[in-house]
Structures are given as C-alpha cells and as structure tokens.
Amino acid sequence: MNGPIPEYAPLCAPPDREPRAPRTAFPPLACDTHAHIFEARFPYAQERIYTPPDSNLADYKHLLRTLGCERAVLVQPSVYGADNAAMLDALAAAGPGFRAVAVTAPDISSAEIEALHRAGVRGLRFNVVDVRANKNQIPADMLRGVAKRIAPFGWHIELLVNLDEAGDFAPLLGSLGVPFVLGHLGYPKGGAATWTGTRAFADLLKLLDGGQCWIKLTGPYRITTAPDLPYADVDEPARKLVAAAPERMIWGTDWPHVMKKKPMANDGDMTDLFERWIPDAAKRKRILVDNPAALYGFEAGEKIGF
C-alpha cells in the first residue's frame, strides 16, 4: 500500500467482487467508458485524498465479461497524479478493445502525445474538483493551449468539474476547438434533485447545442441525495441530457467506485439504471456502441478478448 495510509487519504471500500449481469443484455460491442485500475505496486501520490483498494485488470475484465461490455476505456485516477504507469501497464496487457484517457503536464510535447496515442490513449483528463487551490475554476487559457497540441491527433479533453460551481463555464469550454467530455452528468455539487432547475444546467444544455460537448452518464451515486439505490433523483437530469443530445452521451461504470460514501451496490444493479433512464433500445445502442466508437476511435469489429 506504499507505506502507512495517511489520515487524509482513507482506504476506500472495495467494489462488490461478485457482480451480476444487467437485467437487459447489452448490445454487442457495448463500451464502458469510465473505469480505473489500481495496484499498490505502482506508488500512489503522497498528496492524494483517498487510498483505493487493489482493483486490477483481471478484476476489471471479470466485471466487463459479466456486464456484457466488449470495449472499455481506462481513465487515469487522481491518486496517481500524472504518472500514467499503472494505466499504461494495464492498457498494454489488455489487448484489443481498450482505450485510455491520460493525465499529463499541460505542456506535453507532440512526441509524447504520439507515443501515448500508439499505446491507446485518446484524450487528456483535467480534474479541478480534487484540488486545494482554484477548485472548480476552469483554466481556459491552459486548456486552449492543450487543445492546439492534441487536435492533430483527434483527441479530446475530459474535465472533472462541479459545473454548478464553475461560474460562466459555457463560453470558456465552447471556445476550446476540440471535443470535451464532462463527467457524472455535469457533477453538480448541489445534487441531482435540483440540478435541472439551475442556470448551470440551462447553460449545459446550450453548450450541448454547440456540437463539441460530450456527457458521461456515470457516477449517479456521486450526485444523488438518496441514501441508496435506485437514486431516483438522477432520472430527470439523465433523461433531459439524453433528450438534448443522444449522439454525444456515453456511459460508464465508474468502477471500482472509489470514495463512494453511500452503501456499495452491485454493479449489475447500478447498470440497470441505464435502462430506466433510456427505455428505447435504439438509443441505448447508440450510447453504448456508436458514440464511444466515434469518440475513442474503435475500429470496426474491435473488441476485448476474454
């Protein structure tokens, strides 16, 4: 565990190690676009805010096989900072059907981008939530510089930000010039129950009209005010976002659910929420298969070999 666990980085509960299949089977080539790999053999950042349970590639592939996902995207978690070693190690071992989103210094060079691209990376992540200074402030000038460097590679920017605390975010993000992805349905700090009635949500809908904004339908337990499943207050924002731009919605498990402050649920139960948000099978296929194929550049027929 990289030495004693600091008091400010408590050990997280592990996910349910016996996931069940979703009630309704996923279509072929369905993609989980948001998961993390954690292995203590790769040192965690000293100034992290949590300590994850070991959750390796074999554990994750077991989940994917159970849920019926044949494609997946690994996302660099904050506990590793800009050291992508654990993620790249898993990506190299995973084989076909995997992509990744990395965390790097903003001044990453074209040569470094090219090397990461060959490894399967298709975007860069910036977390302005789990920071000590300038929390939820979008660094627009820095992101514009990053956007210019990644644009030739067809990459996108992924942001973890509480949009309801991010000020006038729409013109800033709309001017980046590359696709950008927002996690956890916009991650409202005020919670899902009041999210659709806020100015920030209205601004998000306008931002979706611009054609570059993508939303991850992930982490409902991070924005619900309910103590446990079925997180009914997330239904309205999820459905409104899907109705606004079904062609730019993607879904993910957020496995292994680090920093989950509500009771740990089975991934099959959480996956069933997706069908409740999107009862139309054609839209579900679009969000699970077609959209991630376009955003992450999966080739026709490319899938995980279990």
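The numbers here are math on the coordinates, done by the rules we state, and not lab data. Because the structure is predicted, anything quoted here is derived from the model rather than measured. Because the Cβ atoms are built from the backbone with ideal geometry, glycine has one as well, and the counts that use them run over all protein chains shown.
The number of residues in segment 266-293 being surrounded by fewer than 21 Cβ atoms within 10 Å (Cβ to Cβ) and outside any helix (DSSP H, G or I) comes to 3. Can you report the number of residues in segment 7-23 which are touching a Lys or Arg at 6+ places or on another chain (Cβ under 9 Å) and exposed (fewer than 14 other Cβ atoms within 10 Å of the Cβ)? The qualifying residues number 1. None of 79, 101 is aliphatic (A, V, I, L, M), buried (at least 20 other Cβ atoms within 10 Å of the Cβ) and more than 24 Å from residue 306 (Cβ to Cβ) except 79. Among the residues of this structure, residue 133 does not count as one that is crowded, with 20+ Cβ neighbours inside 10 Å and not in a helix (DSSP H, G or I). Comparison of 126, 169 shows that the only residue that is more than 19 Å from residue 296 (Cα to Cα) and crowded, with 17+ Cβ neighbours inside 10 Å is 169.
The residues in segment 239-255 that are of a type in the set (Asp, Glu) and more than 18 Å from residue 70 (Cα to Cα) can be counted, and the count is 1.
Residue 92: surrounded by 21 or more Cβ atoms within 10 Å (Cβ to Cβ), out of contact with any Pro (no Cβ under 7 Å at 6 or more places or on another chain) and of a type in the set (Gly, Ala, Ser), yes or no? No, not satisfied. Residue-level check: of (1) closer than 14 Å to residue 22 by Cβ; (2) part of a loop (DSSP other than H, G, I, E, B); (3) among the small types (Gly, Ala, Ser), residue 300 misses just (1). Close contacts from segment 273-301, counting a first residue that is on the phi > 0 side of the Ramachandran plot and a second that is small (Gly, Ala, Ser), with Cβ to Cβ under 7 Å and a gap of 6+ residues or different chains, come to 297/154. Collect the residues in segment 253-265 that are under 16 Å from residue 227 (Cβ atoms) and either in contact with a helix residue (DSSP H, G or I) (Cβ under 7 Å, 6 or more places away or on another chain) or outside any loop (DSSP other than H, G, I, E, B) (or both), keeping them in residue-number order. 260, 262, listed by residue number.
Considering segment 36-63, and only residues there that are surrounded by 20 or more Cβ atoms within 10 Å (Cβ to Cβ) and touching an Asp or Glu at 6+ places or on another chain (Cβ under 7 Å), the residue that is nearest to residue 82 (Cα to Cα) turns out to be 38. Residue count for segment 111-158 satisfying the condition of being of a type in the set (Gly, Ala, Ser) and in contact (Cβ under 8 Å) with a residue 40 or more places away in the chain: 2.
Among the conditions (1) among the aliphatic types (A, V, I, L, M); (2) within 18 Å of the chain's Cα centre (by Cα); (3) more than 28 Å from residue 231 (Cα to Cα), residue 273 misses just one, which is (3).
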